[in-house]
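S.K.: Take this structure first; my questions come after.
The values are calculated or read from the model by the stated rules, or taken from the named source; none is laboratory data. Values in this document were obtained by computation on a predicted structure and should not be read as measured data. Neighbour counts run over all protein chains shown; Cβ positions are idealised from the backbone, glycine included.
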Amino acid sequence: MGTVWEAYDEHLHRPVAVKEVRLDPGIPQGEADELRERTMREARAIAGVSHPNVITLHDVVRVDGEPFVIMEYMPAASLAQILRANGPLTETQAAVVGDAIAAGLQAAHEAGITHRDVKPGNVLVGLDGRVKLTDFGIARNVSEKTLTRTGIMLGSPAYIAPEIASGAAVSPRADLWGLGATLYAAVEGRAPYDPEGEALAIVSEVVHGDVPTPTVDGPLRSVIEALMVKDPDERISLSEVRARLHPLQPVPGTPVFAGLKTTPPAPVEAAAAPSDPTVTIAADPVSSPSAPLAPAPGPLPFTEPAPTRSRWGAVAASVAAVVLFAAAAGGGFALTRYVGGEPIGPRTQTETSQASAPVRDVEVRTADAATLAGEQGGSFSIPVPGDWVKFVEQRTEKTLTNSTRVHWVAPDGTSELVVERFPNFYPDHVIDQYLRVLATRAPGYRLVGTSELAAGEPEPSLQLTYRTVDVADDAPGPVTVDLNRATFANLVPSGSDLWVVSLTVPIEQEDSGKRGLFTRTVSEFRATG
């Protein structure tokens, strides 16, 4: 139905998903208008639902007459993807997924919305364990006139309710069948009907054949059998579903999905066709070489967005580009706080800094530290907290070689992870020259400690710990305090290049930051090209 882009909201400083309608070349105008209307209907459907288990709609805009739906972006894998990569879920995992879907459907039904296409591909399992229902692309408000013409059926045949397949009136109870079929797939590792089969044959089996029975025993089997009942009036309610699943769920906060793979193994003979989005989607598009789009690099810190909603077209298009921009040597954390959505000046006394992302949330990212001057190479990988925002900065120094700094900034702007590469640093320079420049870059620079990590050529690797103080003499508002931060950095010679991998955190997080996030990220940093 459409293409979903990852984009960056330059006003609110957050990643978002932007859905645009796909219009095939030569499509009749009437059908094109219908597709546009379905997109707007999707937006209206989601806008009527506000629930933790439903993807949130932020906005709908038109660009050159075409609708774009701006939605919550959630780093996640679909349940279909997880099942392909891992096989059936455990009873506990399936219960958590089933309860989340049921809760989201309850909120939708209370708003008068029938989803009509509940299936594993429309269930997202986040990297932090959240479960959300998405893609209300064919949902309809029961008070609206249907767009579906006679003979056209909307939905996925392997998960479609019998009454929809037979052309009967659609009610929210159709979603109960979809929930049961999704739970069937979760515990069996496969759809209740062959998704690769001929569509009309599947529909005929759904309407006239026997209902598939799960092979597992226990409470989940009884829930599935009570949902996959051909007579809609005989299906159990969503409240009953949740009541039956409640005893199967763990204590809140338990990492139920820890250890699950999010992408299936690569096919032996041939890669999946580009038209199959469920295979190419990865939980971390940055680290997946098959991902069709680069992630949103974040806002350009020196550009003020024009006050027009039509900028979404440019934002969506920019997610496929790698952004390099020139920055003054003294930009430092003013740039970091801008990208993180924080004021450039110091915090007031009433503000409190937020903790950095815990270690369990990190994801391995890949990036490129090539320079604008033409030095190639510089590929690397490093674990990064999943919600930190990336941008790339080009730096020049009179006494050093050009460098490229790849930043990841915490959402609150207080912490950042930086990988800086100085190509062709050796043999004309030494680390002591970098240290002298560093002392002039960082305001209030004070070296706390240094130690040799490993001997090597042309000189040994070093680890630094230093502290900095940011001061804004002309900051508006009430009395402010200095911003004290701690930075840990590994200086690693590699061939003719010098790599500097650093983590900067608020001073109150110095101990935990070094023991946790810095140790994890730096130990797994790899220069790959």
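S.K.: Return the only residue of 49, 97 being of a type in the set (A, V, I, L, M), buried (at least 22 other Cβ atoms within 10 Å of the Cβ) and closer than 18 Å to residue 255 by Cα.
M.R.: Numbers: 49 fails: closer than 18 Å to residue 255 by Cα.
Answer to the selection: 97.
S.K.: Quick one: in segment 13-68, which of the residues that are among the basic types (Lys, Arg) and in a helix (DSSP H, G or I) is farthest from residue 124 (Cα to Cα)? Walk me through how you get there before you give the answer.
M.R.: Initially, segment 13-68 is screened for residues among the basic types (Lys, Arg), giving 14, 19, 22, 36, 38, 41, 44, 62.
Narrowing the set further to residues that are in a helix (DSSP H, G or I) leaves 36, 38, 41, 44.
Working: 36: 25, 38: 22, 41: 21, 44: 21 Å.
Here the residue is 36.
S.K.: Which residue pairs have Cβ atoms closer than 9 Å, lie 6 or more positions apart in sequence or on different chains, and pair a first residue in segment 41-53 that is under 11 Å from residue 103 (Cβ atoms) and modelled with pLDDT of 85 or more with a second residue that is basic (Lys, Arg) and surrounded by 18 or more Cβ atoms within 10 Å (Cβ to Cβ)?
M.R.: Qualifying pairs under 9 Å: 51/132; 52/132; 53/132.
S.K.: For residue 502, only one of the following conditions fails: (1) at pLDDT below 90; (2) assigned to a strand (DSSP E or B); (3) out of contact with any Pro (no Cβ under 9 Å at 6 or more places or on another chain). What is its number?
M.R.: Here residue 502 clears every test but (1).
S.K.: Does segment 491-525 hold any residues that are surrounded by fewer than 19 Cβ atoms within 10 Å (Cβ to Cβ) and within 19 Å of residue 422 (Cβ to Cβ), and which are they?
M.R.: Hits for segment 491-525 are 494, 495, 496, 525.
S.K.: For the list (1) under 20 Å from residue 484 (Cβ atoms); (2) without any contact (Cβ under 8 Å) to a residue 40 or more places away in the chain; (3) surrounded by 18 or more Cβ atoms within 10 Å (Cβ to Cβ), I need the number of the one condition that residue 448 fails.
M.R.: For residue 448, the failing item is (3).
S.K.: Pick from segment 180-201 the residues that are in contact with a helix residue (DSSP H, G or I) (Cβ under 7 Å, 6 or more places away or on another chain) and not in a helix (DSSP H, G or I): which of them is farthest from residue 159 (Cα to Cα)? Even if it seems obvious, please write down each step before you answer.
M.R.: Initial filter on segment 180-201 (in contact with a helix residue (DSSP H, G or I) (Cβ under 7 Å, 6 or more places away or on another chain)): 180-187, 189, 191-195, 199.
Pick out the ones that are also not in a helix (DSSP H, G or I) and you get 189, 191-195.
Values: 189: 14, 191: 8, 192: 7, 193: 8, 194: 10, 195: 9 Å.
The qualifying residue farthest from residue 159 (Cα to Cα) is 189.
S.K.: Now for a different question. Specify which of the listed residues (84, 62, 38) is outside the structural domain of residue 97 (by TED's automatic domain parsing) and under 30 Å from residue 179 (Cα atoms). Let's see the steps before the verdict.
M.R.: Values: 84 fails: outside the structural domain of residue 97 (by TED's automatic domain parsing); 62 fails: under 30 Å from residue 179 (Cα atoms).
Result: 38 is the single residue among 84, 62, 38 that is outside the structural domain of residue 97 (by TED's automatic domain parsing) and under 30 Å from residue 179 (Cα atoms).
S.K.: Out of all the residues in segment 383-408, which are of a type outside the set (Gly, Ala, Ser) and part of a loop (DSSP other than H, G, I, E, B)?
M.R.: Correct list: 387, 388, 396, 397, 398, 399, 400, 401, 402.
S.K.: Separate question: I need the full set of residues from segment 202-225 which are assigned to a loop (DSSP other than H, G, I, E, B), farther than 16 Å from residue 159 by Cβ and free of Cβ contacts under 8 Å to residues at least 12 places away in the same chain, in order please.
M.R.: Across segment 202-225, the qualifying residues are 210, 217.
S.K.: In segment 370-391, which residue that is over 19 Å from the mean Cα position of the chain (by Cα) and modelled with pLDDT of 85 or more is surrounded by the fewest Cβ atoms within 10 Å (Cβ to Cβ)? Spell out the reasoning first.
M.R.: So the first thing to find is which residues in segment 370-391 are over 19 Å from the mean Cα position of the chain (by Cα), and the list is 370-380.
This time we only want the ones that are modelled with pLDDT of 85 or more, so: 379-380.
Working: 379: 15, 380: 21.
Per the criteria, the residue is 379.
S.K.: Whether any residue in segment 407-426 is without any contact (Cβ under 8 Å) to a residue 60 or more places away in the chain and surrounded by fewer than 19 Cβ atoms within 10 Å (Cβ to Cβ) is what I want to check.
M.R.: Taking segment 407-426 and keeping what is without any contact (Cβ under 8 Å) to a residue 60 or more places away in the chain, we get 408.
So of that shortlist, the ones also surrounded by fewer than 19 Cβ atoms within 10 Å (Cβ to Cβ) come out as none.
No, that holds for no residue.
S.K.: Within segment 161-190, take every residue that is modelled with pLDDT under 95 and polar (S, T, N, Q) and give me the one that is nearest to the chain's Cα centre (by Cα).
M.R.: 171
S.K.: For segment 69-108, which residues satisfy the criterion of being in a helix (DSSP H, G or I) and either closer than 30 Å to residue 32 by Cβ or among the small types (Gly, Ala, Ser) (or both)? First the steps, then the outcome.
M.R.: The initial filter retains those residues of segment 69-108 that are in a helix (DSSP H, G or I), namely 79-86, 91-108.
Hits for segment 69-108 are 80, 85, 94, 95, 98, 100, 102, 103, 104, 107, 108.
S.K.: Another one. List pairs: first in segment 453-467 and under 17 Å from residue 495 (Cβ atoms) and outside the structural domain of residue 511 (by TED's automatic domain parsing), second aliphatic (A, V, I, L, M) and surrounded by 14 or more Cβ atoms within 10 Å (Cβ to Cβ), Cβ under 6 Å, 6+ apart or cross-chain?
M.R.: Within 6 Å, no pair qualifies.
S.K.: I would also like to ask the following. Quick one: in segment 115-160, of everything that is surrounded by fewer than 19 Cβ atoms within 10 Å (Cβ to Cβ) and not in a loop (DSSP other than H, G, I, E, B), which residue is modelled with the highest pLDDT? Write out each step before concluding.
M.R.: Within segment 115-160, the first condition is being surrounded by fewer than 19 Cβ atoms within 10 Å (Cβ to Cβ), and the residues that meet it are 126, 128-130, 141-154.
From what's left, not in a loop (DSSP other than H, G, I, E, B): 126, 141.
Numbers: 126: 87, 141: 48.
Applying the filter and picking the extreme gives 126.
S.K.: Continuing with the same structure: Quickly run through segment 445-465 and pick out the residues that are of a type outside the set (A, V, I, L, M, F, W, C) and in a strand (DSSP E or B).
M.R.: We begin by selecting, within segment 445-465, every residue of a type outside the set (A, V, I, L, M, F, W, C); these are 445-446, 449-452, 456-461, 463, 465.
Within segment 445-465, 446, 449, 450, 451, 452, 461, 463, 465 qualify.
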